[in-house]
Amino acid sequence: MIKLLSFGDHLEKGIYKVHSRFSEVVNFCSVSSFIFIVGKSIGSGHFNIVVEGVSFAELEKLVIAEDYFLLNDEKVFFETSKRYDSQINIINFDEKKFWQNLDHFEKALIENSSGKSLTFLLDESRKKNFKSSYEIEFVRRFDSALECFTSSNYLEGVKLIKGVGFGLTPSGDDFIAGFLIALNVIQKLERVDYSNLIVHIYEAAKGNNAFTNAFLLASKNGSLFEKFKNLIHSILFSGQNEILENTRTLISFGETSGADQSVGFLFGIKRNFNDGNRNSEKGRIF
C-alpha cells in the first residue's frame, strides 16, 4: 500500500509515462510537464510526490487528477496538509549575518563538492581536475560566461553555457537555474524588481531538453525543492553547522547538479545583492 508523505505545488493533471529511473526516483513525463516519484531521502519539491511502500523498479504508470493520483493503478488521494510549499518566505533578516553565512556556504561548497563541479569558478586550483581537451574547453567556456555575467551581459553568458556539461541536467543549465533562484531571493530581501531580467534570462536559457526546461521554469518562478530551500533558510537565519549540513545534503543531488546550482546561486547573490541601491541599470540585459 502506497503511503503519501508529501506532494508538490506544481503538479499538472494528465497522463504520464516513465522518462528515466534511478534507485529511489522515477521521473515521469507528459506532453507538457514532469513529475518525480521519489523516496523520503530525496525529499519534497515542486514536482515531487514523496511516497513510501513502493518498488521504484516496478513503477510504470502515473495519472494525476484533481484530488488524487493513480500510481500503477493504485489510487491515492492528495491531502492538503501534505502539500509542499516551494516558495521561500522572508520576513526579516540580519544582513551582516547573511554575508558571514554566505562565506561559510562558499567554504563548505568548495570543500565538499565533486572535483568536476563548477566550483572551479570559485577556486582556481580546482581547474587541475579538468584534463581532456573537452574538459579544458568546458572550463574556458564557463570562464568566458562568468565574465559576461559579471559585466551584466547576461544573455551572451547564457548562450555560452546553456546545455553545456554532463549528466541529465547539464552544468550550464544548473548554473543558470541557481542564478535565477538568486534573483528571486534578492527580490524578496530588497523589495526590488528583477522580473524583466528573470524572464529574459529564462527565455534565453530554454532549449530542446524538456527536462531542464521544467527546472528552469521552476527557478524562474522562485520555486525551490526542499534541500535548496533548507539551505537558503540556514544562510538567512542559522549558523555555520547547519549551513555545512544543508550544503552537503544539497550537493548530494546528482553527480554535480546540486553543486552547480549552488555555484550559480552564490554568484547571483554576490553579483546582485544590494545592486539595486548601487546601480540604476540593475534591469539591463544587454
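Averaging sequence separations of C-alpha pairs under 8 Å and six or more residues apart, then dividing by the length of region 95-278, give the relative contact order as a whole percent. Present the calculation step by step, with values, prior to reporting the outcome.
Details: 240 pairs, mean separation 61.9, N = 184.
Worked out over region 95-278, it gives 34 percent.
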Step through the residues of region 57-62 one at a time and calculate ³J(HN,Hα) from phi using the Karplus curve (6.51 cos²θ - 1.76 cosθ + 1.60, θ = phi - 60°), rounding each to whole Hz and writing x for Gly and Pro.
-> 5, 9, 6, 10, 10, 9
Taking the Cα atoms only, what angle lies between the long axis of helix 195-205 and the longest principal axis of the chain, rounded to 10 degrees?
-> 80 degrees
Residue (of VAL192, LEU160, PHE56) at the positive-pole extreme of the chain, dipole from beta-carbon charges = LEU160
Calculated [θ] (222 nm, deg cm²/dmol) that DSSP helices of n ≥ 4 give over the chain, each run adding -39,500 (n - 2.57) | -14500 deg cm²/dmol
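So if I place +1 on the C-beta of Lys and Arg and -1 on the C-beta of Asp and Glu, and nothing else carries charge, what would the dipole magnitude of the chain be about its Cα centre? I want it in debye, nearest 20. Display every interim value, and only then the final one.
Numbers: 33 positive and 36 negative charges, 83 e Å.
For this selection, approximately 400 debye.
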If R0 = 30 Å, then PHE237 and LEU168, at their Cβ-Cβ distance, give a FRET efficiency to the nearest 0.05 of 0.40
Cα shape, the chain, gyration tensor, a/c 1.5 rule = prolate
Average the reciprocal distances over every distinct pair of alpha-carbons in region 3-82, invert the result, and give the Kirkwood radius in Å.
-> 12.2 Å
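Please compare each pair in LYS82/LYS270; LYS13/LYS40; LYS96/LYS116; LYS159/LYS227; LYS61/LYS188 to a cut-off of 30 Å on the Cα-Cα distance and tell me which ones are over it. Walk me through the numbers on the way to the answer.
Details: LYS82/LYS270 34 Å; LYS13/LYS40 23 Å; LYS96/LYS116 32 Å; LYS159/LYS227 28 Å; LYS61/LYS188 39 Å.
Those over the limit are LYS82/LYS270; LYS96/LYS116; LYS61/LYS188.
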Could you please state, rounded to a whole Å, how far the C-alpha centre of region 138-171 is from the C-alpha centre of region 71-94?
-> 32 Å
Separation of alpha-carbon centers, region 1-66 and region 218-261, rounded to whole Å | 21 Å
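Values in this text are rule-based calculations from the coordinates and carry no lab data. What you are looking at is a predicted structure, and each value in this text was computed from that prediction instead of being measured. Cβ sites come from the backbone with ideal geometry, for glycine too, and all protein chains shown count toward neighbours.
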